[in-house]
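Participant: First the structure, which I've put down as structure tokens, then a few questions once you've had a look.
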Amino acid sequence: MQKLTGRCLCEGIEYEISGEIGPIYNCHCSRCRRWHGAPYRTRSTIKKSQFKWVKGEELLSKFYSSPTTAKTFCSVCGSSLISLYDEEPDKIGFPLGGLDQAPNNKIEGHFFVGSKSPWHEIVDDLPQYEEFPGARSTVRATE
Ligand SMILES: [Zn+2]
Ligand SMILES: [Zn+2]
């Protein structure tokens, strides 16, 4: 079974993920951009049972970016860590950037391209979605 490990910048917090992770997307929404100080957040989701803090859980801070979504980060170094969803307590969102290894699956596409940073150009051929891929979002024509 796949085992992935990750850590924050100061290495005070370490975590472990067991098993296959969900689809991986680059999220270009303005919240992810600000949270990471980067053009996008490369992220995936897992079940809560797949995730374990190895050390430093007491160093975690939490910020609610929406009424039901909590973003966690290291209170020492500020590294972005997992997202927790009050409405889906069994689900965890996490950034690939903190991982020590490559997961078995690859990036599938781009989310929230409608609010992408104006200075960033997407240069791959992966599908692009204006918002979250779902009933209401539109796929941009890619050749
Ligand atoms: Zn840290
Ligand atoms: Zn986002």
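The values are calculated or read from the model by the stated rules, or taken from the named source; none is laboratory data. Fair warning: this is a prediction, and the values are worked out from it, not measured in the lab. Please note: Cβ atoms are built from the backbone with ideal geometry, for glycine as well, and neighbour counts cover all protein chains shown. Surface accessibility is based on the protein's heavy atoms, side chains included, excluding ligands, DNA and RNA. Shrake-Rupley method; radii C 1.70, N 1.55, O 1.52, S 1.80 Å.
Participant: In whole Å, what are the Cα extents of the stretch 3-115 along the three principal axes, biggest one first?
Facilitator: The Cα atoms of the stretch 3-115 stretch 38, 29, 27 Å along their principal axes.
Participant: Over the chain, with every protein chain in place, what whole percent of the accessible area is carbon and sulfur at 1.4 Å, could you tell me?
Facilitator: Carbon and sulfur atoms account for 51 percent of the accessible area of the chain.
Participant: Using +1 at the C-beta of Lys and Arg and -1 at the C-beta of Asp and Glu, which of S30, G97, I13 has the Cα lying farthest in the positive direction of the dipole of the stretch 3-115?
Facilitator: Going by the Cα projections, it comes out as S30.
Participant: Sticking with this one: Given only helices, namely DSSP H runs of n ≥ 4 each adding -39500 (n - 2.57), what is the per-residue ellipticity at 222 nm of the chain, to the nearest 500 deg cm²/dmol?
Facilitator: -1000 deg cm²/dmol
Participant: Something else now. Cα centroid distance between the stretch 8-30 and the stretch 36-71, in Å?
Facilitator: About 8 Å separates the Cα centre of the stretch 8-30 from the one of the stretch 36-71.
Participant: Sort 1-10, 70-79, 55-64 for me by packing, meaning the mean count of neighbouring Cβ atoms within 10 Å per residue, highest on top.
Facilitator: Highest-to-lowest ranking by the protection proxy: 70-79, 1-10, 55-64.
Participant: Continuing with this model, one more query. Once you place label points 7 Å from the Cα toward the Cβ at S18 and S117, how far apart are they in nm?
Facilitator: 3.7
Participant: Let me ask something additional. Whole percent per 10 Å bin, from 0 to the bin with the longest distance: what is P(r) over all C-alpha pairs of the stretch 58-122?
Facilitator: That works out to 16, 37, 40, 6, in percent per bin.
Participant: Calculate the dipole size of the chain relative to its Cα centre from +1 charges on Lys and Arg beta carbons and -1 charges on Asp and Glu beta carbons; express the result in debye to the nearest 20.
Facilitator: For the chain, the charge dipole is close to 260 debye.
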